[in-house]
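In what follows, a single structure is set out as structure tokens and then discussed.
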Amino acid sequence: MTNTLKDMKEIDWANLSFGYMPTDYNVRIYNRNGQWGELEVSSSEYINMHMAATCLHYGQEAFEGLKAFRGKDGKVRIFRLDENAARMQATCRGTLMAELPTERFREAILKVVKLNERFIPPYESGASLYIRPLLIGSGAQVGVKPADEYLFVVFVTPVGPYFKGGFSTNPYVIIREYDRAAPLGTGCFKVGGNYAASLRANKKAHDMGYTSEFYLDAKEKKYIDECGAANFFGIKDNTYVTPESSSILPSITNKSLMQLAEDMGIKVERRPIAEEELSTFEEAGACGTAAVISPIQRIDDPEKGKSYVFSEDGKPGPISEKLYNKLRAIQYGDEPDTHGWVTIVE
């Protein structure tokens, strides 16, 4: 085992970063000869791989991110794992990789969470167990073509909030000189290349003093695309508005927030959002698995000398806060799961 029980007592659950901490086990399933094998349990943090594996040369790689939460009742809940399975399958279709069936995905997730249950943070800490499924082309190819072998691996690590300030507003900056993804490219898939493509813009935003970069569409530089690695939403006139774009990753958190907004009697619109429309929003946020919602204080556009301010006092807006609290309450089991989103680990 990687960690001793003595180590467990030293974990400061309430002050965890969003980073990697070794846990006891990961799980793996190999695809060989067109068939997925049996689930294997490993205590090694390393993968033994052929140097000509397609994931290393041609980007045949898909990953997901989801979380397990320990509730006040002691039960462990995993949020919307079937949606993550479906999104990974879509990424596999987009990169010609072997698709892992939903039931095998579920089997792996439940197994790895149970094996590492002692690393699931206590309810009152506000932390969670981050689950990282990874599917890679492990077969050797020198020509540009799909692998003939694949590896699916899932590891877990306890994490604190993605943004150190927790649920508070953050400044973003529009950066036009870099694109994260092209309209008919891989932006709608969860592949590592999209994140590599965002590193320069993200560094520039940080160097300028912002939390994250803000992307406009690659084709016209006119419409809102994504906030760093997260989806954007704006609130105005009791309406939740989020971009429609072929280069945006379909966020499971955004999908959930849209449903909760409708449940609250808030109208939902998914459509192109021109940059100028930012001035009309009463609230705005970035949403994703890691942060749930990161409320946006303002979005600056240095090239045009504009600043779109959503929070004068630096506090999150009322609807964003309501949506955030509702989603977190479902994840932790504090409110009923009326949509069947949660899987309880038995």
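A few notes on this one:
- Picking from residues in the stretch 125-144 that are in contact (Cβ under 8 Å) with a residue 40 or more places away in the chain and more than 19 Å from the chain's Cα centre (by Cα), the one that is nearest to Pro161 (Cα to Cα) is Ser125.
- Flag for Glu277 being of a type in the set (Asp, Glu), out of contact with any Pro (no Cβ under 8 Å at 6 or more places or on another chain), open to solvent by less than 70 Å² (accessible area, probe 1.4 Å) and in a strand (DSSP E or B): no
- Ala85 being outside any helix (DSSP H, G or I) and open to solvent by less than 30 Å² (accessible area, probe 1.4 Å): no
Every residue, every condition in (1) closer than 23 Å to Gly187 by Cα; (2) out of contact with any Leu (no Cβ under 9 Å at 6 or more places or on another chain), yes or no:
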site	(1), (2)
Glu45	no, yes
Cys55	yes, no
Asp82	yes, yes
Ala85	yes, no
Leu135	yes, no
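- If only residues of the stretch 58-82 that are open to solvent by 10 Å² or more (accessible area, probe 1.4 Å) and of a type in the set (Phe, Trp, Tyr) are counted, the one that is farthest from Ser256 (Cα to Cα) is Tyr58.
- For the stretch 317-335, filtering for residues that are over 21 Å from the mean Cα position of the chain (by Cα) and farther than 17 Å from Tyr123 by Cβ leaves 3.
- Subset of the stretch 227-254 [crowded, with 18+ Cβ neighbours inside 10 Å, out of contact with any Cys (no Cβ under 9 Å at 6 or more places or on another chain) and at pLDDT 95 or above]: Gly234, Ile235, Tyr240, Val241, Pro243, Ile252
- Yes/no for Lys219 being touching a residue at least 12 places away in the same chain (Cβ under 8 Å), surrounded by fewer than 21 Cβ atoms within 10 Å (Cβ to Cβ) and outside any helix (DSSP H, G or I): yes
The values are calculated or read from the model by the stated rules, or taken from the named source; none is laboratory data. Given the structure is predicted, the values throughout are model-derived calculations rather than measurements. Cβ sites come from the backbone with ideal geometry, for glycine too, and all protein chains shown count toward neighbours. Surface areas here come from the heavy atoms of the whole protein model, side chains and all, with no ligands, DNA or RNA. Shrake-Rupley method; radii C 1.70, N 1.55, O 1.52, S 1.80 Å.
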